[in-house]
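Okay, so here's the structure we're looking at.
The values are calculated or read from the model by the stated rules, or taken from the named source; none is laboratory data. Being a predicted model, the structure only gives us computed values, none of them experimental. Reconstructed Cβ throughout: ideal geometry from the backbone, glycine too, with neighbour counts over all protein chains shown.
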Ligand code: SDX
């Protein structure tokens, strides 16, 4: 075997600098451009956080007004994008619908060949503005419901919920949803963000990098976990069955979705903030049984493997209570993380180096093709 040191999964490997966010496993904390994320959730809207991730500073009132006007003007689902979505069968996973719609938007964008920071910021804003319409419309078409056009008099999250459910959201629901969008927005070099950076490092375009990132996020070890958490709850059924279910699952070497993290080894810093948001929804919808199941599985996991929940664990039930179909949970993650992905794409381009690691060969030693006897 080769004597090179292998870093499987790039675990623990620092590959570059980033100024976008700091994930600190030692202090179990997360900063977006230097601001503690719980403070951003308590004091800012997701629109303001998107601006912060892209521009490095929170917007002043004039900047916020201009940014909001630009975003609100682009919210409508273009008829051509609607046709692309309608061409996909109901059996297509919502993540495949989002990936296809984003690819179509990128292919149709007149700015596709312009990789300047200004053009990429504009493309990022377009995706930020349009993803709520894509996700909302895909859920409604599967339910046999009509498209709900956007409203420019509502903030980002209120409009997202308006387009999804056809009614103005209760302030409790809007606040919990907006909190989830802020918490999901950015997390340094996670698998989907690093995918976007690898694609960008070849000087490919922003749309290709976002499409690749969506592909990476779909996996249940990454963004797909929030959908899988709800499937787990459905499988367990009641709090009383959680311990028995977990014993069987662990005996079968199953990964328990919504638990564990590559970086945080003592619990995901975002969980307390998202759990507080979930608690407001549990109170509003009187979902005590769901809370009992949530607590029972967490307690059972703590006593068996001491592996703590990650952000997907409280987010899944929150989206369920808000009314989203389970398969739409990861597309909601896309709508949020597109801000972090595009901030990293722009940062990668600003000081680019082609990302191309080495490998240690452990195949057959050199050998030669037997020359056929020429007859
Ligand atoms: C996200 O990177 C990011 O920042 C991602 C993210 C973001 O914001 O972008 O935070 C979003 O992806 C959160 C993670 C969502 N994924 C899940 O919830 C899926 C379940 N989690 C596991 O698959 C796992 O915890 C990972 C993949 C998240 C992290 O795993 P690691 O760091 O590769 O660790 P590992 O798989 O090598 O596990 C170490 C040990 C193993 O036990 P042994 O084989 O050594 O006995 O811990 C066990 C694992 O079996 N383990 C689990 C487990 N997580 C780790 N066992 C059961 N269930 C789990 N969830």
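So here's what we get for this one:
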| item | result |
| --- | --- |
| The stretch 224-248, subset more than 13 Å from residue 298 (Cβ to Cβ) and under 21 Å from the mean Cα position of the chain (by Cα), residue nearest to the ligand (Cβ to nearest atom) | 225 |
| Residue, farthest from the ligand (Cβ to nearest atom), within the stretch 296-326, restricted to residues that are surrounded by fewer than 21 Cβ atoms within 10 Å (Cβ to Cβ), closer than 20 Å to residue 237 by Cβ and touching a residue at least 60 places away in the same chain (Cβ under 8 Å) | 325 |
| Checking residue 20 against (1) in contact (Cβ under 8 Å) with a residue 12 or more places away in the chain; (2) in contact with a helix residue (DSSP H, G or I) (Cβ under 7 Å, 6 or more places away or on another chain); (3) in the same structural domain as residue 137 (by TED's automatic domain parsing); (4) buried (at least 18 other Cβ atoms within 10 Å of the Cβ), the condition it does not meet | (3) |
| Check on residue 193, touching a residue at least 12 places away in the same chain (Cβ under 8 Å) and more than 16 Å from the ligand (Cβ to nearest atom) | no |
| Single unsatisfied condition, residue 197 versus (1) farther than 18 Å from residue 343 by Cβ; (2) surrounded by 18 or more Cβ atoms within 10 Å (Cβ to Cβ) | (1) |
| Test: residue 131 is in a helix (DSSP H, G or I), away from the ligand (no atom under 16 Å from the Cβ), closer than 19 Å to residue 344 by Cα and modelled with pLDDT of 95 or more | yes |
| Flag if residue 34 is at pLDDT 95 or above and at positive phi | yes |
